[in-house]
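S.K.: The structure under discussion is supplied below as C-alpha cells; questions concerning it will follow.
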Amino acid sequence: MTEYKHGRLGQKNAAGCGRGVCRIRVCRGRDVDGGWSSDTKMTGSAFVGSAGPATSSPVSGRTQKERALMNNRAVTAAVRKASHAVRMDARNAPAPGASAMLSGLQLDTQKSLMDSVHKRTDDCRKEPISIVVLGASGDLAKKKTFPALFSLFYHDLLPDDFQIVGYARRDMSDDEFRELILGSLTCRVLDGRKCSEKMDQFLPRCRYHKGSYASEEDMASLDKLTADFEEQRGVSNRLFYLAVPPSVFEDACHSIHRAARGAKGWTRVIVEKPFGRDLASYVHLQASLSSSFSEEEVYRIDHYLGKELVQNLMTLRFANSIFEPLWNHHHIESVQISFKEPFGVEGRAGYFNDFGIVRDIMQNHLLQALALLAMETPVSLSGEDIRNEKVKVLRQVKPLTIDDFVLGQYKAANGKPGYFDDDGVPKNSTTPTFASCVFHIPNRRWEGVPFLMRAGKALDERKAEIVIQFKPAPGDIFNVPESMKSNCLVIRVQPDEAIYMKIISKAPGLTSRLEQARLNLFYREAWEESKDIPDAYERLILDAIQGEKSLFIRDDELRVAWQIFDTALKQMEGDRAPKPAAYNYGSAGPIEAERQAFKLGLQWIHD
C-alpha cells in the first residue's frame, strides 16, 4: 500500500482517502489480499520520485529536481481533489471530474487475483503441451489425476492444443484406455448435455502407450509418440505425472531423463508422496531425483496444499488486521490440528502397515498446515518467499521423540472389523492407525504455545480442521463457565468448508445467561461459486502447467520435515516399539489422547 501525501511516498497497511491523504493500492507481485499486480508505473505528468541530482533535461530544459517538484505538486493536487470527491460522495453529492483526475494518475496495475489467473492461463493456453501420466492404470490416476485433467478441460483451463498419454505396464489399446478412464470422469456442474459433449471432445485427446518404467527403449518409443504430436507445432512442453509406487520411482526418473525429455520446450515432473519413509531414504530419493532433474523442474505434490481452506490460511492471517496482532503467545492458548477419517485401511493394508498414520498424514499434510499457521509474513506471495518462511519456522520446531506421542490401533466394534482382521496386517504389527502429538516452537512468537496434532482412521466422523484457542479475557466479571472461557477460531478444511469464531454472548431474554455463539462464514452460504470448489488436484496440476510453485514442496522443506519426525519414527519401530493403545472402530480415539492434552492443562476442542 502506498500513501501519497504532499508528494512523498510512504508505506501503509490500510486503504482510504481523507484529510488530504489518499492511499492508493500499488503492489509488486501479489499483495496480501490475494491480488496480483506488476510493478506499479506512473505515467504522464504524475510521476512521484525523490528529487535527485539537479541534472538538465535535454527535452524541457528543466532540471530533474524542478520536474520532480512540479510532478509532486500535480500529484498532491490530484489527491486533494480525489479526497474531496470521496467526502462529497459520502454526502451523495459527487464532485464532477474527480474520478477523471484519479484516472489521470494512470497507475499501471493488474486488476485482481482472478484477472491475473485468467491472464496466466490465457498465456499458457497458447503453447501446446503433452501430459504424460505414468501409472495410468492405477487407482491414483483413475480416481484423481484423470478426473482433475478433465475438469480443467471442462472449464477451458487446459492449453488449447494438448494431448494426454497414459503410460503403464498393462497391455491396452487406446480405446480400452479411454473406456478405463471414462468411468471416473464427472462434472461438478450438473449440466448433463455439456458434460457429455465435453467428454466426447476430451477422450480423443487421450492415448495409451505400454512400457516398462525402467526401459529406456520403451521410453524412447514414448518420446517418438509425443514428438509426432509436437513436430508440426514447434514446441515440446512436457509434463510428466509420476503416479507410480515408490519401488519404481528411481527407474522412471532415470528413463525419462535419458530418453523422453522435450527437445524444444520445458520438462516438468510432478512427484507424488511418499517422499521416502525417513530422513535417510528421502536423502537417497532426492539424490536420484536431482541426478535427472533440476529443482526448478520438480513439483513435489502434497494435495492438502491445494485445498481451498489451506490456501486461505495466509489470506486469513496476513490480510485481516484483527488477527495478526493476536497471533502470538500473548493471546493464543493452543493450536489444534485434527484429521479424522470414519473408515479403516480397507484395501490399503499393505501400504499402510509399512508407513502408518504418522508418515501418511502427519509428517506431510498436517505439518504443512502447521507451517502456514506459524510462519512469519513472507516478503511476497512468490513461491520461493512463501517456502523460505515455511522452512524458517520448521527449523525452529523442536524435534519429536516417542514421549511426545500417543499411538493407537482400532479394534473391531459396531459391526466393523479391527485393524488385525485385515489379511494384509501382520498379527504382531505395531503400526499406529491413530496418533496425537505435541509440537513446541521456542521462538519469540510461539514460546509456550503447544501445537496439538492428531490424525486417525476408523474414528467417529470425517473431519479436518484447525482450532486456534485464545486465552480467556483477564478480569472475568461475568463468572464465565470454564468450558466457555476461551474464544476459538475454527477453520474447517473438510467437509463443508467453513471459518467461524466461537464467542461468548448474552442469550436473548430477561436473564443474563451466557451462551457460546458463533460468527459464521460457511462457504456454501457465502459464495455461490463455492458449490463449484475445485478439487485440490485440479489447482495443483494447473499450477504445474503454468510453472507456479508456491503450493509445491521444496527439497530443504522436506528435509527439515523429516528431521522433526525422524527420531520418533525410529523409536516407534523395532523390538522396543511401544504397543499402541486400542480404541473402538467408530470412537473418538484412545482416551490416552485426552489425557495427553489434560496434562498440558488443555482439552481437545470437540465441535
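S.K.: I need every pair where a residue in the stretch 321-335 that is in contact (Cβ under 8 Å) with a residue 24 or more places away in the chain has its Cβ under 8 Å from the Cβ of a residue that is hydroxyl-bearing (Ser, Thr, Tyr) and crowded, with 17+ Cβ neighbours inside 10 Å, sequence separation at least 6 or different chains.
M.R.: What qualifies is Glu333/Ser486.
S.K.: Here's a follow-up. Please enumerate the residues belonging to the stretch 294-313 that are in contact with a Ser or Thr (Cβ under 9 Å, 6 or more places away or on another chain) and crowded, with 20+ Cβ neighbours inside 10 Å.
M.R.: Residues satisfying the conditions are Val298, Leu305.
S.K.: Further, regarding this structure: Within the stretch 497-607, which helices (runs of 4 or more DSSP H) (wholly inside it) include 2 or more residues that are crowded, with 17+ Cβ neighbours inside 10 Å and either within 29 Å of the chain's Cα centre (by Cα) or assigned by TED's automatic domain parsing to the domain that holds Arg454 (or both)?
M.R.: So the answer is 536-546, 555-572, 591-599.
S.K.: Which is of a type outside the set (Asp, Glu) and in contact with a strand residue (DSSP E or B) (Cβ under 9 Å, 6 or more places away or on another chain), of Leu372, Leu367?
M.R.: After applying the criteria, what remains is Leu367.
S.K.: Being in contact with an Asp or Glu (Cβ under 6 Å, 6 or more places away or on another chain) and either over 21 Å from Ile129 (Cα atoms) or among the β-branched types (Val, Ile, Thr) (or both) is the filter here; which residues of the stretch 212-255 pass it?
M.R.: Selection gives Ser212, Tyr213, Ala214, Val235.
S.K.: Report the residue count in the stretch 559-576 for those that are more than 17 Å from Asn353 (Cα to Cα) and without any contact (Cβ under 8 Å) to a residue 40 or more places away in the chain.
M.R.: Summing the residues that are more than 17 Å from Asn353 (Cα to Cα) and without any contact (Cβ under 8 Å) to a residue 40 or more places away in the chain in the stretch 559-576 gives 1.
S.K.: Out of Gly262, Gly276, Gly234, I need the residue that is over 25 Å from the mean Cα position of the chain (by Cα), surrounded by fewer than 22 Cβ atoms within 10 Å (Cβ to Cβ), in a loop (DSSP other than H, G, I, E, B) and in contact (Cβ under 8 Å) with a residue 60 or more places away in the chain. Which one?
M.R.: Gly262
S.K.: Given the conditions (1) within 23 Å of Arg317 (Cβ to Cβ); (2) surrounded by fewer than 20 Cβ atoms within 10 Å (Cβ to Cβ), and given that Ile491 satisfies all but one, which numbered condition is not satisfied?
M.R.: In the conditions (1) within 23 Å of Arg317 (Cβ to Cβ); (2) surrounded by fewer than 20 Cβ atoms within 10 Å (Cβ to Cβ), Ile491 misses (2) alone.
S.K.: I've got another one for you. With the requirement that a residue be modelled with pLDDT of 95 or more and closer than 14 Å to Asp403 by Cβ, what does the stretch 573-594 give you?
M.R.: Glu592
S.K.: Which of the residues spanning the stretch 306-348 are small (Gly, Ala, Ser), at pLDDT 85 or above and out of contact with any helix residue (DSSP H, G or I) (no Cβ under 8 Å at 6 or more places or on another chain)?
M.R.: Scanning the stretch 306-348 gives Ala319, Ser321, Ser334, Ser338.
S.K.: Continuing with the same structure: Within the stretch 237-282, which residues are of a type in the set (A, V, I, L, M, F, W, C), touching a Leu at 6+ places or on another chain (Cβ under 9 Å) and farther than 22 Å from Leu366 by Cα?
M.R.: Phe240, Leu242, Val244, Val248, Phe249, Ala252, Cys253, Ile256, Ala259, Ala260, Trp266, Val269
S.K.: Does any residue of the stretch 182-202 turn out to be at pLDDT 90 or above, touching a strand residue (DSSP E or B) at 6+ places or on another chain (Cβ under 8 Å) and closer than 22 Å to Lys142 by Cβ?
M.R.: The answer is no, given that none of the residues of the stretch 182-202 is at pLDDT 90 or above, touching a strand residue (DSSP E or B) at 6+ places or on another chain (Cβ under 8 Å) and closer than 22 Å to Lys142 by Cβ.
S.K.: Residues of the stretch 374-399 being out of contact with any Gly (no Cβ under 7 Å at 6 or more places or on another chain), part of a loop (DSSP other than H, G, I, E, B), farther than 18 Å from Trp562 by Cβ and among the aliphatic types (A, V, I, L, M), which ones?
M.R.: Answer for the stretch 374-399, where residues must be out of contact with any Gly (no Cβ under 7 Å at 6 or more places or on another chain), part of a loop (DSSP other than H, G, I, E, B), farther than 18 Å from Trp562 by Cβ and among the aliphatic types (A, V, I, L, M): Met375, Val379.
S.K.: May I ask you to list the residues in the stretch 543-600 that are of a type in the set (D, E, K, R) and either closer than 30 Å to Leu239 by Cβ or in contact with a helix residue (DSSP H, G or I) (Cβ under 7 Å, 6 or more places away or on another chain) (or both)?
M.R.: Result: Asp543, Glu548, Lys549, Arg554, Asp555, Asp556, Glu557, Arg559, Asp566.
S.K.: Just one of Asp251, Asp223, Asp200, Asp228 is acidic (Asp, Glu), buried (at least 18 other Cβ atoms within 10 Å of the Cβ) and assigned to a helix (DSSP H, G or I); which is it?
M.R.: Asp223
S.K.: Which ones in the stretch 155-184 are assigned to a loop (DSSP other than H, G, I, E, B) and among the hydrophobic types (A, V, I, L, M, F, W, C)?
M.R.: Once the filter is applied, which keeps residues that are assigned to a loop (DSSP other than H, G, I, E, B) and among the hydrophobic types (A, V, I, L, M, F, W, C), the stretch 155-184 yields Leu157, Leu158, Met172.
The values are calculated or read from the model by the stated rules, or taken from the named source; none is laboratory data. Remember, it's a predicted structure, so these values are computed and weren't measured experimentally. Note that we place each Cβ from the backbone using ideal geometry, even for glycine, and neighbour counts take in every protein chain shown.
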